Each structure stands twice: as structure tokens, then as C-alpha cells.
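The values are calculated or read from the model by the stated rules, or taken from the named source; none is laboratory data. Predicted model only: the values in this text are computed from it and were never measured. When we count neighbours, we look across all protein chains shown, and the Cβ atoms used for this are built from the backbone with ideal geometry, even at glycine.
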Amino acid sequence: MSRREQIQMTPDEVRAFLDEQRTVICATNGVRGYPHLMPLWYVVRDSAADGGPELWAWTFAKSQKIKNLERDARATLQVEDGTEYHLLRGVMLECEVELVRDLDAVTDLGTEILGRYSGSPDGTLPEEGRGLVAAQAAKRVGMRFVESRRASWDHRKLGGVY
């Protein structure tokens, strides 16, 4: 077994890792040909296609990310953790991005995202948070990241031997 195979995460490990982490770096193709990298909060939903994890996020409709995705619907996502080599782990996803503009769907997504990050144990959003989401939703676009290729790594699996 190669080192690459040894550090690869299983599908269950990928799901647990994505559920645990808080920020994804989203790379879109910028107008000048350079990658445009931005952090996003996200939620993990089950994919309709295979039941695997699917990342969803929202952002302002006028953002550079959305302009880039309107031109080219491809994005690469990276979620990573660890500060020392033997603890590094992460997931990289190459995706096609579906832009969601339906106001009810965007509002539901925003409620789900803010609920995840609100700090409440059950992820529910207090009423004032719901008002904030409703006020923001009309200016936002949902992003469904449909995975086409995945790479993962968990250096902890090597047990300190390199």
C-alpha cells in the first residue's frame, strides 16, 4: 500500500471531518486567469445523487465569487486542519457549482448556516437571527457544490512514521 493510500480518508471519515470543521476555502477562476480564494461558512447536506456529503454555502449576489461562477461554474474547495506535519488532514473537492437564487431556498440555507454557527447546542437559530437571515437573503445567492473529484489526507494515520 502506498503512502497516499495510507493517508486517504474513508467516506465516513470525510463526512465526520467536514461536519467538524468550520471554514472552507473556495477557489473560483478569476477574470484575469488567477484563482480567486475566499473563505466561506458552510453546511453539509446529503447529496441527492449518492447520499454522500455535499457542501452548501451562501454569499452576496454581487460578490466576485458569484461573478466568477457565472462565467465558469467550476470551483475547488479545501477544508484543512493541523499545524504540524504529522497532524495535517484535509479534503479537497473539485466541484461544479449550482447557483440557487430562489428566495425561499436561499432563506432556508441562510437559516441553516447561521444555525450551525450560532453556538447553540442544537443548531437552532433564535428569532433575532431569523430576522437577520430574512433581511440578508434577498441580497444573497446559495451555492451547491456538486463534487466531481475528491482528494483527502490524514497524516495522523502514519503514526509518526514518514
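State the number of residues belonging to the range 50-64 that are among the aliphatic types (A, V, I, L, M) and under 10 Å from the mean Cα position of the chain (by Cα).
So the first thing to find is which residues in the range 50-64 are among the aliphatic types (A, V, I, L, M), and the list is 55, 57, 61.
Okay, now just the ones that are also under 10 Å from the mean Cα position of the chain (by Cα), so 55, 57.
Qualifying residue count, the range 50-64: 2.
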Inset, instruction - Tell me, yes or no, whether the range 60-68 has at least one residue that is in a strand (DSSP E or B), of a type outside the set (Gly, Ala, Ser) and either at pLDDT 95 or above or closer than 26 Å to residue 115 by Cβ (or both). - result: yes
Inset, instruction - Determine whether the range 53-67 contains at least one residue that is surrounded by fewer than 16 Cβ atoms within 10 Å (Cβ to Cβ) and acidic (Asp, Glu). - result: no
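Filter the range 115-147 for residues that are within 14 Å of the chain's Cα centre (by Cα) and buried (at least 20 other Cβ atoms within 10 Å of the Cβ) and give the result. Lay out the reasoning, then the answer.
Applying the first criterion (within 14 Å of the chain's Cα centre (by Cα)) to the range 115-147 yields 116-117, 142-147.
Within the range 115-147, 142, 143, 145 qualify.
Confirm whether residue 18 is free of Cβ contacts under 8 Å to residues at least 24 places away in the same chain and among the hydrophobic types (A, V, I, L, M, F, W, C). Quick ask: steps written out before the conclusion?
On the way: free of Cβ contacts under 8 Å to residues at least 24 places away in the same chain: no; among the hydrophobic types (A, V, I, L, M, F, W, C): yes.
No; evaluated as a whole, the condition is false for this residue.
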Inset, instruction - Output the residues belonging to the range 74-124 that are farther than 20 Å from residue 37 by Cβ, of a type in the set (A, V, I, L, M, F, W, C) and in a helix (DSSP H, G or I). - result: 87, 103, 105, 106, 109, 114
Legend entry - Matching entry among 158, 77, 93 (being over 17 Å from residue 60 (Cβ atoms) and either out of contact with any Leu (no Cβ under 7 Å at 6 or more places or on another chain) or of a type in the set (Gly, Ala, Ser) (or both)): 158
Inset, instruction - Give me the pairs, please: first residue somewhere in the range 139-156 and farther than 16 Å from residue 28 by Cβ, second residue anywhere and hydroxyl-bearing (Ser, Thr, Tyr) and assigned to a strand (DSSP E or B), beta-carbon distance under 8 Å, and either six or more positions apart or on two chains. - result: 140/59
